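Comments concern the structure below.
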Amino acid sequence: METKLANAGDDILDEAAEILKSGGIAAIPTETVYGLAANAYDVNAVRAVFRAKGRPQDNPLILHICSVEMLYDIAETVQTLALKLAESFWPGPLTMIFPRKPHVPAETCGGLTTAAVRMPNNRFTLKLIERCGFPIAAPSANTSGLPSPTSARHVFEDMNGKIPLIIDGGECRYGVESTVICFENEDTVRILRPGAVTPEMLREFCHVNIDGGVLEKLAPDAKVISPGMKYKHYSPKAEVYILKGSTESDENYLSAKDGVKTGFLGFGDEKLTGDIVRFPYGASAEEQAEKLFSSLREADAAGCTEVYVRMPDTSGIGLAVYNRLLRAAGFRIIDADGGSDAVH
Ligand code: TXA
Ligand code: MG
C-alpha cells in the first residue's frame with residue numbers, strides 16, 4: 001500500500017473523512033502525539049488499527065470526540081465532576097473513563113465495560129470528527145512499544161506501507177500523551193497516566209489520587225485498571241538509562257564510558273568529553289515533554305546503542321516525562337553519586 005503524506009487543511013478533509021467512513025484508517029495530528037484513527041463504532045476498522053500497530057487486543061483505545069453531545073452517545077453516565085472537568089480542560093489533553101453504552105464495541109475498549117474519551121485540541125482533527133459524525137478511536141500512531149510519534153515523519157517511519165494517509169499537522173505541542181483519569185467517587189479522581197493536565201491542575205476541582213502504576217514497576221500478574229500500564233512502552237532500540245546524580249557525577253559517569261556509541265539527553269549545563277552525542281531535551285519540564293520521544297527516536301537513527309537521560313523534576317508535566325522515561329528505561333536508574341540503586 002502506498003502511504004500518502006498530506007498537510008492538514010480543508011482540502012484533505014473530505015478524503016480523510018471518506019477513508020474513515022468507509023472503514024479505513026489514517027494517521028491524524030493532535031496536540032499531544034499523533035493518533036492512528038478509525039471509526040470507533042466499526043469493529044473491522046478498529047481491528048485494522050490493532051494490526052497496523054501490532055497492539056495487544058486487550059489494550060483499549062481512546063475515543064476522540066468533537067462535542068459533549070458525542071460523549072452522551074458513548075457514556076452510560078456522566079458525573080457532574082466529569083462535566084466540570086470537560087468544561088475546563090476540553091478540548092485538551094485530558095482523557096476520562098466512563099461506563100460505556102452497549103452499542104460501543106467491546107473490541108474498541110479492549111473488552112472492558114468502560115470507554116476512555118477525550119476531545120483533542122487540534123482544529124483539523126476536530127473538524128474531521130465532526131465531518132465523520134462518529135467518535136474516532138485513536139491510539140498513538142507508533143508501532144506498539146516504540147516511542148510515540150510527535151511529528152508526521154515519525155508516523156511515516158512506523159506506518160509507511162501500512163496505512164493510506166498521514167495528515168501532517170506539524171510538531172505536536174505537548175509531546176506526551178493525554179492525562180488518563182477514572183472517577184473514584186463524586187469528588188475524587190485517580191490518575192492512571194499523567195500528562196499535560198497535571199495533578200496540580202486537577203486539584204483545583206477535586207481530590208486526586210495517583211495510581212501506584214504511574215511510578216512503580218508492576219508485578220507481571222498485577223491487576224490494573226488501565227491495561228496500557230502493564231506493557232513495555234516508549235522504548236527505542238537503544239538501551240535507555242536514567243541518570244540521577246549531580247551534574248558533576250553524571251558528567252564523570254558518562255566521560256568514563258567508551259567503546260559504545262552513547263546518546264545523552266541532559267539539561268544543557270553539562271560539559272561532556274569523549275564520544276557522546278547530545279540530543280535535545282532541555283531544562284524545563286515542558287521542553288523535556290516536547291523533546292523526549294523525538295530525541296529517543298533520533299538516538300536510534302544516529303546508531304546509539306545506549307542512551308542516558310537525566311532524571312527530570314517530577315512536578316507539573318514533569319510527572320508525565322518521568323512516567324514515560326521509567327518505562328523507556330525499564331525502570332533502570334543509575335545513581336552516579338554512588339547510591340544503592342546503581343545498576344550498571
Ligand atoms: O494523547 C493521547 O491520549 C493520544 C492521542 C492520539 O489522543 N492517544 C493515546 O492512546 O495515547 P494510546 O492508545 O496510546 O493510550 C491509551 C491509554 C492506554 O494506556 C490504555 O490502556 C488506556 O489509555 N485506556 C484506554 N481505554 C481505557 C479504559 N476503558 N480503561 C482504562 N484505561 C484505558
Ligand atoms: Mg500509545
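Any read-out appearing in this document is the output of simple, stated calculations on the displayed coordinates, not a laboratory observation. Please read these numbers as outputs of a predicted model, since none were measured by experiment. Backbone-built Cβ (ideal geometry, glycine too); neighbour counts: all protein chains shown.
Side notes on the structure shown:
- Average Cα contact separation per residue, the chain, under 8 Å, 6 or more apart, as relative contact order %: 19 percent
- Pairs exceeding 19 Å between alpha-carbon atoms, taken from 217/257; 162/230; 53/162; 21/101: 217/257; 162/230; 21/101.
- Of every Cα-Cα pair in the chain, the percent that sits beyond 36 Å: 19 percent
- Over 17 Å [Cα-Cα, region 129-192], rounded percent: 57 percent
- Dividing the Cα radius of gyration of region 272-344 by its Kirkwood radius returns 0.96 for Rg/Rh.
- Across region 152-246, the relative contact order, built from alpha-carbon pairs under 8 Å that are at least six residues apart, equals 17 percent.
- Charge tally in the Cβ shell below 11 Å around residue 169, where Lys, Arg are +1 and Asp, Glu are -1, residue 169 excluded: -1
- For region 156-266: rounded, prolate or oblate by the Cα gyration tensor [a/c cutoff 1.5]: oblate
- For the pair residue 248 and residue 217, a Förster radius of 22 Å applied to the C-beta separation gives a FRET efficiency near 0.15, rounded to the nearest 0.05.
- Modelled label positions at residue 261 and residue 314, each set 7 Å beyond Cα in the direction of Cβ, lie 3.4 nm from each other.
- Spherically averaged projected area of the convex hull of Cα atoms, region 66-195: 8.4 nm².
- Computed over region 237-288: relative contact order in percent, which uses C-alpha pairs under 8 Å that are six or more apart: 29 percent
- For residue 336, the residues 5 or more places off, or on other chains, whose built amide H falls under 5 Å of its own are 244, 245.
- Lys, Arg +1 and Asp, Glu -1 on Cβ, resulting dipole of region 45-136 about Cα centre, debye, nearest 20: 360 debye
- Computed over region 1-128, Cα set: Rg, Dmax in Å: 14.5, 46
- Size of electric dipole in the chain: Cβ of Lys, Arg +1 and of Asp, Glu -1, about Cα centre, debye, nearest 20: 840 debye
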